[in-house]
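Asks: Have a look at this one.
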Amino acid sequence: MTDVQVQAHANRIHDDGFTVIEGAASPELVEGLVTTLERIEREHQLGPAKTSFEGFKTVRINNLLTYDDLFWEVPLHENVLPVVEHVLDRECLLSSFCSLVLGPGQEAQPIHEDTQLIPLPRPHIPITINAIWALSDFRDDNGATRIIPGSHKYDSSPEYGQDYAR
């Protein structure tokens, strides 16, 4: 990815709160990730989560780096890491790395902010980035992630309350 492309994605994150990097990973890497996730799920007899927030029809695998070296390609990927570093900085910290496989009929999570428990008034500087790698289609019928462009800039002052999804 060129410096201009990295800057364009960083600008979209600043302006809209998200960006989409189409075709970031090769089809071979995507296929390898899918195959490896299926193998891990099978070998470790993993099943759906047990809470409504995590999804009764969603299989989650945490700490992916402990399962297979292939997963190291994800946080270090040449088309993703430069954007993350541009928005945060080069000393960013990987704090969570998991997979979610949403089964048929999985209800979407309620609109929420992953940093909502950090007591910083909004808007604030970027303190985290979630990089979602869509290894299959995001659809309404499988609980696809919903976005609210610009919601990261909503004011959290008392007169606006905590309703970020207005």
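Asks: Which pairs turn up if I take residues in the stretch 102-119 that are at positive phi and look for partners that are part of a loop (DSSP other than H, G, I, E, B) and open to solvent by 80 Å² or more (accessible area, probe 1.4 Å) with beta carbon separation below 7 Å, at least 6 apart in sequence or on another chain?
Replies: Gly105/Lys57
Asks: When the residues of the stretch 3-54 are narrowed to those that are outside any helix (DSSP H, G or I) and polar (S, T, N, Q), which ends up modelled with the lowest pLDDT?
Replies: Filtering first and then ranking leaves Ser52.
Asks: Follow-up question, since we're still on this one. Of all residues being assigned to a loop (DSSP other than H, G, I, E, B), open to solvent by 70 Å² or more (accessible area, probe 1.4 Å) and under 21 Å from Ser52 (Cα atoms) in the stretch 94-110, which is modelled with the highest pLDDT? Just the residue, please.
Replies: Ser96
Asks: Checking Glu91 against (1) farther than 27 Å from Asp3 by Cα; (2) modelled with pLDDT of 90 or more, only one condition comes out false. Which one?
Replies: If we test Glu91 against (1) farther than 27 Å from Asp3 by Cα; (2) modelled with pLDDT of 90 or more, just (1) comes out false.
Asks: Suppose the filter is exposed (fewer than 12 other Cβ atoms within 10 Å of the Cβ), closer than 23 Å to Pro27 by Cα and at pLDDT 90 or above; does Glu78 pass it?
Replies: Yes, satisfied.
Asks: Would you please name the residue that is nearest to Tyr154 (Cα to Cα), looking only at residues in the stretch 1-51 that are in contact (Cβ under 8 Å) with a residue 12 or more places away in the chain and among the hydroxyl-bearing types (Ser, Thr, Tyr)?
Replies: My answer is Thr19.
Asks: Additional query: Only one of these is under 22 Å from Gly17 (Cβ atoms), charged (D, E, K, R), under 16 Å from the mean Cα position of the chain (by Cα) and modelled with pLDDT of 90 or more: Glu85, Glu73, Glu113. Name it.
Replies: That would be Glu85, the only listed residue that is under 22 Å from Gly17 (Cβ atoms), charged (D, E, K, R), under 16 Å from the mean Cα position of the chain (by Cα) and modelled with pLDDT of 90 or more.
Asks: Is there any pair with a first residue in the stretch 72-94 that is in contact (Cβ under 8 Å) with a residue 24 or more places away in the chain and among the acidic types (Asp, Glu) and a second that is open to solvent by less than 90 Å² (accessible area, probe 1.4 Å) and part of a helix (DSSP H, G or I) whose Cβ atoms are under 8 Å apart and which are 6 or more apart or on different chains, and what are they?
Replies: Glu73/Leu29
Asks: Oh, and also: Do you know which of the residues in the stretch 116-166 that are at pLDDT 80 or above and of a type in the set (Gly, Ala, Ser) is most open to solvent (accessible area, probe 1.4 Å)?
Replies: Taking the candidates together, the pick is Ser136.
Asks: Let me ask something additional. In the stretch 12-63, what count of residues is obtained for those that are closer than 16 Å to Phe97 by Cα and open to solvent by 70 Å² or more (accessible area, probe 1.4 Å)?
Replies: The number of residues fulfilling the criteria is 3.
The values are calculated or read from the model by the stated rules, or taken from the named source; none is laboratory data. Just so it is clear, the model here is predicted, and its values are computed rather than measured. Methodologically, a virtual Cβ is constructed for each residue, glycine included, from the backbone with ideal geometry; neighbour enumeration extends over all protein chains shown. We work out accessible area using only protein heavy atoms, side chains counted, and drop any ligands, DNA or RNA first. Shrake-Rupley method; radii C 1.70, N 1.55, O 1.52, S 1.80 Å.
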